[in-house]
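Notes for the one structure printed next.
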Amino acid sequence: MDIVAALKSVPEFKDLDESHLQWLAEKGSVTTWKDGDYLFRKGDTIDAMRILFAGEVDIYREQAGNVRYLGTVEKGEITGLLPYSRMKSAMADGIVSGDAVVYSLHRECFPELLRDHGALAEILVHAMMDRVRDFTQQQQQDDKMMALGKLSAGLAHELNNPSAAIVRSAHELKRHLGNLPEKFKRVIKIQATEEMVDQVNHFVFSRIASNNGHSTLSLMEKNEKEEELIEWLESNNLDDVYEMAEIFVEFGITLQDLDSLNTILRPQDRAAVFNWIVQTFTTERLVNEIEEASKRINVLVTSVKSYTHMDRAPEKERADISTGIRNTLTMLNHKIRKNQVKVIENIPADLPRACLYISSMNQVWTNLIDNALDALEGRPDPVLEITAEKDREFLLVHIIDNGPGIPEEIQDKIFDSFFTTKPVGKGTGLGLEVVRQIVLQHAGRVTVKSKPGRTDFSVCIPIEERNRKEVK
């Protein structure tokens, strides 16, 4: 095979002097691979630059338990290790598609390449920079999608409970109202004076106004009171006594109340009136449940809208940082409940409003709080503390957890791109780098102090808009 001719077909080498190509041909080697072969596997040592002369290599990576296609290395592309690259091992699997011809130049040749072939080295360094840029963009996109996936899962979980409550209560209300015609017949047959109607009316709606179906009794207390009422209802020859007793207890009805009603009503009207009261209480309870669940959904949707700032242009605005922090806590509430985390929030109501890119700062709070919650997973008595204060012309926010802490030897690396201590598929190492960039965009500073049992991330941002620079 004419290696020099094959190298000339590489787009990056089209204007390269032939002496450099001749050197590559002499120093490198060419191998052939069959369709389906692994050119490399995840974890394999990468110690050579490779150029694909023929065929293709599909790249796959396992992430969060799923195998994901990342792209394809095509004919004429440069891949593998490049000069000045810190790559040590493969981060994915490379599978040959079609018979492939691969040129390889071992890293042992790199010192001579850099010393004697400057034009070639410049091309390869540019190729490496392009690769880093593309890889960074892809990793940032992955990081955003991973964060979005976490928030989406949490929102789905948070929305599921109130939406299920609405469906359940609506179904029960429909079933309940289906019994109304028969019970209504009994009600209109009642012979009652205006005074009796007023007394029953006052009895029912005063209970609704004062109690609204929200019982504060313990389960044992509730069972005891239900048993008392069931005994009374059965002794007065009423039907559906278990359902009747349950709803009466929820609205705070006592034996004295039932005795009082009994003195007002004629014996033949007792069942009709008691059924009407149960009907009214039940309808009130179900409507309240639907209302509360709907309000919960409304709060979540409002939090999402405020969190994403989706209805505003991406420009700085005066904003209360507590709103973004609380919206973030709402979005991550499922994780807080799952890990049984105690949240201590100490944000003064009179903090000045800062000039912020609101959705970007929400990303800062999300990354820091989410990392803290990850650190608290499985910890006894987990506590997340969020404090804020005015410090001269700045706002200073602390996000503190009582997790295991960050080892001292890596504390100065955690804001570096791609640095992560999380397992593969759990993090890309861009979360804290994104935090740092956003805070710098606000002319602020983010720092960390950590020891076992206390990790404190502090975010310092100016209240007034400034040029981008580190806060001294």
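The values are calculated or read from the model by the stated rules, or taken from the named source; none is laboratory data. The structure presented is a predicted model; accordingly, all values stated were derived computationally and were not measured. Cβ atoms come from the backbone with ideal geometry, glycine included; neighbour counts cover every protein chain shown.
Does ALA48 fit the bill of being farther than 21 Å from LEU124 by Cα, hydrophobic (A, V, I, L, M, F, W, C) and either assigned by TED's automatic domain parsing to the domain that holds LEU124 or touching a Cys at 6+ places or on another chain (Cβ under 8 Å) (or both)?
It is false that ALA48 is farther than 21 Å from LEU124 by Cα, hydrophobic (A, V, I, L, M, F, W, C) and either assigned by TED's automatic domain parsing to the domain that holds LEU124 or touching a Cys at 6+ places or on another chain (Cβ under 8 Å) (or both).
Give region 1-41 a look and list any residue that's of a type in the set (Gly, Ala, Ser) and either exposed (fewer than 14 other Cβ atoms within 10 Å of the Cβ) or in a loop (DSSP other than H, G, I, E, B) (or both), or say none.
Within region 1-41, ALA5, SER9, SER19, GLY28, SER29, GLY36 meet the criteria.
Look at VAL249 and say whether it is assigned to a helix (DSSP H, G or I) and either touching a residue at least 40 places away in the same chain (Cβ under 8 Å) or in contact with a Gly (Cβ under 6 Å, 6 or more places away or on another chain) (or both).
Answer is no for this residue.
Kindly indicate the residue of region 451-465 that is outside any strand (DSSP E or B) and either closer than 14 Å to PRO352 by Cβ or not assigned by TED's automatic domain parsing to the domain that holds ILE399 (or both) and also modelled with the highest pLDDT among those meeting that condition.
Restricting to residues being outside any strand (DSSP E or B) and either closer than 14 Å to PRO352 by Cβ or not assigned by TED's automatic domain parsing to the domain that holds ILE399 (or both), the top hit is ILE463.
Check whether at least one residue in region 249-256 is surrounded by fewer than 20 Cβ atoms within 10 Å (Cβ to Cβ), modelled with pLDDT of 85 or more, closer than 30 Å to ASN327 by Cβ and of a type in the set (A, V, I, L, M), and report yes or no.
no
Is it the case that some residue within region 305-327 is under 23 Å from ALA164 (Cα atoms), at pLDDT below 90 and crowded, with 19+ Cβ neighbours inside 10 Å?
There is at least one residue in region 305-327 that is under 23 Å from ALA164 (Cα atoms), at pLDDT below 90 and crowded, with 19+ Cβ neighbours inside 10 Å.
Return the residues of region 380-405 that are assigned to a loop (DSSP other than H, G, I, E, B) and either without any contact (Cβ under 8 Å) to a residue 40 or more places away in the chain or within 28 Å of LEU351 (Cβ to Cβ) (or both); say none if nothing qualifies.
Result: PRO380, ASP381, PRO382, ARG392, GLU393, ASN402, GLY403.
Considering region 364-406 alone, what residues qualify as being surrounded by 20 or more Cβ atoms within 10 Å (Cβ to Cβ) and of a type in the set (S, T, N, Q)?
The answer is THR366, ASN367, ASN371, ASN402.
Here's the yes/no breakdown for (1) within 15 Å of ALA92 (Cα to Cα); (2) under 44 Å from the mean Cα position of the chain (by Cα); (3) of a type outside the set (Phe, Trp, Tyr):
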{"position": "SER9", "(1), (2), (3)": "no, no, yes"}
{"position": "GLU12", "(1), (2), (3)": "no, yes, yes"}
{"position": "HIS20", "(1), (2), (3)": "no, no, yes"}
{"position": "ARG41", "(1), (2), (3)": "yes, yes, yes"}
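Has region 253-266 got any residue that is closer than 30 Å to HIS171 by Cβ, touching a residue at least 60 places away in the same chain (Cβ under 8 Å) and not aromatic (Phe, Trp, Tyr)?
Within region 253-266 (the criterion being closer than 30 Å to HIS171 by Cβ, touching a residue at least 60 places away in the same chain (Cβ under 8 Å) and not aromatic (Phe, Trp, Tyr)), the answer is no, since none of the residues qualifies.
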